[in-house]
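Heads up, the thing below is written out as structure tokens.
The values are calculated or read from the model by the stated rules, or taken from the named source; none is laboratory data. Treat the numbers as computed from the prediction; the structure is a model and nothing was measured. Ideal geometry is used to build each Cβ from the backbone, glycine not excepted, and the neighbour counts take in all protein chains shown.
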Amino acid sequence: MSSHPFLSIVIPVFNEKENLDELMRRCLETCSTIGKPFEIILIDDGSTDGSYDQIEDMAKRHRGKLVGVILNRNYGQHAAVMAGLSAARGELIVTLDADLQNPPEEIPRIVEQLLQGNDVVGTVRTPRCDTIFRRLASYIVNRAAQRATGVRMRDYGCMLRGYRRPVVDAMLKCHERSAFVPVLANSFARQTTEIEVKHQERAVGQSKYGLWKLVNLQFDMLTGMTTFPLRLLSIVGTIISALGVGFGIFLFIMRYIYGPEWAAQGVFTLFAILFIFVGAQFVGMGLLGEYIGRIYHDVRARPRYFVEKVVGRDDTI
């Protein structure tokens, strides 16, 4: 096999031991049909179910086609993907989840779109086999990403995506810790497209995105790619101030007409106004804190991840 493969498949893995054999069988069969040199990169993101040992064993059995990148602990899906992109050597790179909800058999269609000159190929899961809550979260992510990048893709949450080498090289030069890979890629892409791909129910295992992780993802997306919330604070503050002035004028007129007894001497009205402003201040402080926290993490310039070992390759990344 060539030392510089044409195609790299990057797959983050976190506690997917039950899926790995089937995943690798289907990936190897699919990539073999493309007729170009390829490599499959599995990134173990701190698994605790034995995925680490299984990846190491498969990398030894399929040396030259399968590379295992072992992280020393769990850093999150997108950090793991960035570790895989750093290890990838192909001119075309396709990312894929390890849960088999997106079939590896869709990879040739993505490669075909990349060969047509697209810098980024996104995918839309059809039909979507997720809960209503997951769909709602994806809708919020997609709208925020569209506003931030100006690229009208419908499904930023699907990890089955294709990238050309120049876009990957540009992403690797970025050092922010909370990089959201599809959004980051689109910020460097000149030509993008999106195709529909199959989506299946998870056969084994459970989704790694619970409620709290989804909430964290929303904050990462919102504060990691746009300053719109800060601008929104100014708009909301202006509206609240205007409403406060209008309400004050209304109270003055009504007290003049009906007397101070009309609103219990104005005590409850003052409390209501106070609560509105206190609530708005806490929301504003929370959002500012998110941005300040990001500045703190980025200024420290710590690595996104730490690679403990690379298996299946004669040299290190």
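Things worth noting here:
- Residues of the range 13-70 that turn out to be over 27 Å from R109 (Cβ atoms) and of a type in the set (D, E, K, R), as a count: 9
- Some residue of the range 302-311 being modelled with pLDDT under 70, in a helix (DSSP H, G or I) and in contact with a Lys or Arg (Cβ under 9 Å, 6 or more places away or on another chain): no
- Tally of residues being part of a loop (DSSP other than H, G, I, E, B), under 22 Å from the mean Cα position of the chain (by Cα) and acidic (D, E) across the range 85-114: 2
The rows are residues; the columns are (1) surrounded by 17 or more Cβ atoms within 10 Å (Cβ to Cβ); (2) of a type in the set (A, V, I, L, M); (3) not in a helix (DSSP H, G or I).
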position	(1), (2), (3)
P5	yes, no, yes
D21	no, no, no
K36	no, no, yes
I55	yes, yes, no
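- In the condition set (1) within 20 Å of A185 (Cβ to Cβ); (2) surrounded by fewer than 20 Cβ atoms within 10 Å (Cβ to Cβ), A83 is compliant with all but (2).
- Pick from the range 168-190, criterion assigned to a loop (DSSP other than H, G, I, E, B) and under 12 Å from D119 (Cα atoms), ranking: nearest to the chain's Cα centre (by Cα): S187
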